[in-house]
Structures are given as C-alpha cells and as structure tokens.
Amino acid sequence: MAEEKHYDVVVIGAGPGGLTTAMYASRANLSVVMLDRGIYGGNLNNTATIENYTGFKSVKGPDLAKDMYESATQFGAEYAYGTVTKVEDQGATKKITTDMGDTYIAKAVVIATGSGQRHLDVPGEEEFGGRGVSYCAVCDGAFFKGLNLAVVGGGDSAVEEGIYLTQLAKKVTVLVRGDHLKAQPMLQDEAAKNDKLDFVYNTSVTEITGDDVKVRGVKTHNNQTGEDGEMPVDGVFIYVGAYPMTAPFANLGILDDQGWVKTDNEMKTSLPGIFAIGDVRETPLRQIATAVGDGAIAGQQVYKYISSLN
C-alpha cells in the first residue's frame, strides 16, 4: 500500500552521481533514500567496458555499478524503486510523489536523473524498435552476431559502441552527419585500427526500412552532394546526443530553455534545499568522473543546508 515516508534527503536517481551523494550524505549521519526507476548504477549497466575512470585501467560497467552501490549503502542509505512524477517545494520540506503511489517528505532533494538518448525521428525508427533499432549496444549487441550493422552518430558513444559491436557483428558502418568525428582522439585512433569498422561522413539517415520481421536497411542522404542512397543492414544503433530527463521538475522553475537544470558551482538550484548533479545539469562534460564530483559536492552541501535548518 502507498504510504508517506520521511527522510532528511531524497536523491532522485541512482547513477554514479546519485550513489556518491547518498554515500556522502549518509556518512554525515543523514537519513537518505535513493529513488530510481531502474537498477542502481544507471547507464553504467549499459556500458561494456570503462577505461576513463581514475583508478581503473579497465572495468566493466555493471561491476563498477555494484561497487558504487555497496559504497553508497554502507552507511545506511536506502534504495527504493519508483519513477518520480512530481516534486513540490513546501519551504522547509519537499514533497516527492512516485508512480508507485508513495509519497516522500524530505528536507532536501538532489536531482540526479541524468539524460536520455535522442532519437532520429525518422520513418521506421519507432516501428522497428526492438526489431533492429537499438540505443544500447551492450543490451542488444548479442542479438546481431555475424550480421551487418549501422551506427548513427559521431561522438564518443557512437565510436565506443561501434568498436564494441565489432566483437559481435560481421561489419559495422558508422554514419556521421558531419565531415569529421567529435569523439576523443584516443577512441578515433582505436577505431582506425579496427578492420571491421567503417565510417561514412556527411551522411544523414532519412528512413529505416525493413519487412514484417526486422530491419533490412537504411535510406541515406549525402549532406554535401545531395545524393540519396540506401544501405542494407540488419540493425541500427543510434547515438545522436542526449536530452535532460527533467519532466517531473518543470513546475519548479529551475530549468533552462533546453530543459537542463540550472545550478551554481555548489550544485544549488534557485530553490533552497533543491540540488542537481551530473548529466541533468547544463555542463560542458558528461562523464562518470564529473557526476561523481558533483555528487560529492552535493552531499556536503546538503549536510550544510540541513544543519542550517536546526
């Protein structure tokens, strides 16, 4: 049955940033609960191998998620399942409502909901979702062993996941809208050495085609020559940027015109007692390291804020 629960701090999201905030706040002897609509660790669970997080030459995403969760809960922080649908600022307290019907009353809230994958919004994308269109190579790559795949995008995620897919697929072609990659040079160097990975530049996907069973190809448009084409592929993995997952907070007046949460360098929003961290903020870099750093700052600032209420 639905009930009202009271905590010092509610952390909305249990990715690397949220887990770090929970650890710092609970070490300060605050009662903390993390609310998440999925398993703790967030996008870590969709990442095969991480090689750019200090202290690890290489670590599997799910393994790092597990270690972070154990660190976060060792001082008493709790984890609860549920999608937050609304946050209300009641002054000294905040009211958080979830789709499970539960209500949480907290002295402070930390928004750590992260970002989601943007879609191409082309014909066939929605139709073939789960039948060849994917946004997660780690989740779905195993279904495409020995097949030909297209990856759409030119940033870190597109190149990194393209490299991962070459372990499974026969051939991976990365379709890049511009005339160059935006991925880190190290990733570009690794990709250039991979014989199963090709890049096609100045190319946009205009349609994803298929039959009653699965994806069979993509229609393309050359942004320089204006030429239209078609490429036969068995699957399409899309990595064309991120959007902020901030719909439940639209009523609070803390978002910019793109939907990202606005904060200062102490992770404070314009509303006392409401903080935001990680990928949900307007920030120049969205990485595990930056989310963890934000989480540490927020955990300390939450403690200072709650102490000031007494």
So residue 90 fits all but one of (1) within 18 Å of the chain's Cα centre (by Cα); (2) under 29 Å from residue 252 (Cβ atoms); what number is the exception?
(1)
Could you check the stretch 108-125 and list, in sequence order, the residues that are buried (at least 18 other Cβ atoms within 10 Å of the Cβ), out of contact with any Ser or Thr (no Cβ under 6 Å at 6 or more places or on another chain) and part of a strand (DSSP E or B)?
108, 109, 111, 115
Only one of these conditions is not met by residue 219: (1) in a strand (DSSP E or B); (2) under 29 Å from residue 139 (Cα atoms); (3) open to solvent by less than 40 Å² (accessible area, probe 1.4 Å); (4) not aliphatic (A, V, I, L, M). Which number is it?
(3)
Out of (1) among the hydroxyl-bearing types (Ser, Thr, Tyr); (2) open to solvent by less than 60 Å² (accessible area, probe 1.4 Å); (3) in contact with a helix residue (DSSP H, G or I) (Cβ under 7 Å, 6 or more places away or on another chain), what's the single condition that is false for residue 93?
(3)
From the option list 212, 257, single residue qualifying as surrounded by fewer than 19 Cβ atoms within 10 Å (Cβ to Cβ) and closer than 30 Å to residue 171 by Cβ is 212
Pairs please, first residue from the stretch 236-263 and closer than 29 Å to residue 123 by Cβ, second anywhere and of a type in the set (A, V, I, L, M) and surrounded by fewer than 16 Cβ atoms within 10 Å (Cβ to Cβ), Cβ atoms under 9 Å, 6+ apart in sequence or on different chains.
259/247; 259/250
For the stretch 294-310, which positions are open to solvent by 60 Å² or more (accessible area, probe 1.4 Å) and in a helix (DSSP H, G or I)?
297, 300, 303, 304, 308, 309
Looking at 187, 168, 181 in this structure, which one is open to solvent by less than 60 Å² (accessible area, probe 1.4 Å), more than 13 Å from residue 235 (Cα to Cα), in a loop (DSSP other than H, G, I, E, B) and not small (Gly, Ala, Ser)?
181
Part of a strand (DSSP E or B), surrounded by 17 or more Cβ atoms within 10 Å (Cβ to Cβ) and under 19 Å from the mean Cα position of the chain (by Cα), is that true of residue 34?
yes
Residue count, the stretch 68-81 (criterion: closer than 29 Å to residue 142 by Cα and either under 17 Å from the mean Cα position of the chain (by Cα) or in a helix (DSSP H, G or I) (or both)):
3
The number of residues in the stretch 39-67 that are under 16 Å from the mean Cα position of the chain (by Cα) and in a helix (DSSP H, G or I) is 9
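Quick grid of which residues meet (1) without any contact (Cβ under 8 Å) to a residue 60 or more places away in the chain; (2) farther than 30 Å from residue 201 by Cβ:
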{"residue": "74", "(1), (2)": "yes, yes"}
{"residue": "103", "(1), (2)": "no, yes"}
{"residue": "109", "(1), (2)": "no, yes"}
{"residue": "117", "(1), (2)": "no, no"}
{"residue": "124", "(1), (2)": "no, no"}
{"residue": "134", "(1), (2)": "no, no"}
{"residue": "158", "(1), (2)": "no, no"}
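Quick grid of which residues meet (1) closer than 30 Å to residue 7 by Cβ; (2) of a type in the set (Ser, Thr, Tyr):
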| site | (1), (2) |
| --- | --- |
| 100 | yes, no |
| 127 | no, no |
| 134 | no, yes |
| 174 | no, no |
Being surrounded by 15 or more Cβ atoms within 10 Å (Cβ to Cβ), assigned to a loop (DSSP other than H, G, I, E, B) and under 20 Å from the mean Cα position of the chain (by Cα) is the filter here; which residues of the stretch 126-144 pass it?
135, 136
Considering only residues that are outside any strand (DSSP E or B) and buried (at least 16 other Cβ atoms within 10 Å of the Cβ), look in the stretch 243-254 and name the one that is nearest to the chain's Cα centre (by Cα).
245
Name the residues in the stretch 272-293 that are surrounded by 16 or more Cβ atoms within 10 Å (Cβ to Cβ) and either within 24 Å of residue 95 (Cβ to Cβ) or polar (S, T, N, Q) (or both), would you?
273, 274, 275, 276, 277, 278, 280, 281, 283, 287, 290
Output the residue which, of all residues in the stretch 190-205 that are closer than 20 Å to residue 227 by Cβ and part of a loop (DSSP other than H, G, I, E, B), is least open to solvent (accessible area, probe 1.4 Å).
202
Limited to the stretch 37-47, what total is found for residues that are at negative phi and open to solvent by less than 20 Å² (accessible area, probe 1.4 Å)?
1
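The values are calculated or read from the model by the stated rules, or taken from the named source; none is laboratory data. Just so it is clear, the structure is predicted and the values come from calculations on it, not from any experiment. Cβ sites come from the backbone with ideal geometry, for glycine too, and all protein chains shown count toward neighbours. In case anyone asks, the SASA skips ligands and DNA or RNA and just uses the protein heavy atoms, side chains included. Shrake-Rupley method; radii C 1.70, N 1.55, O 1.52, S 1.80 Å.
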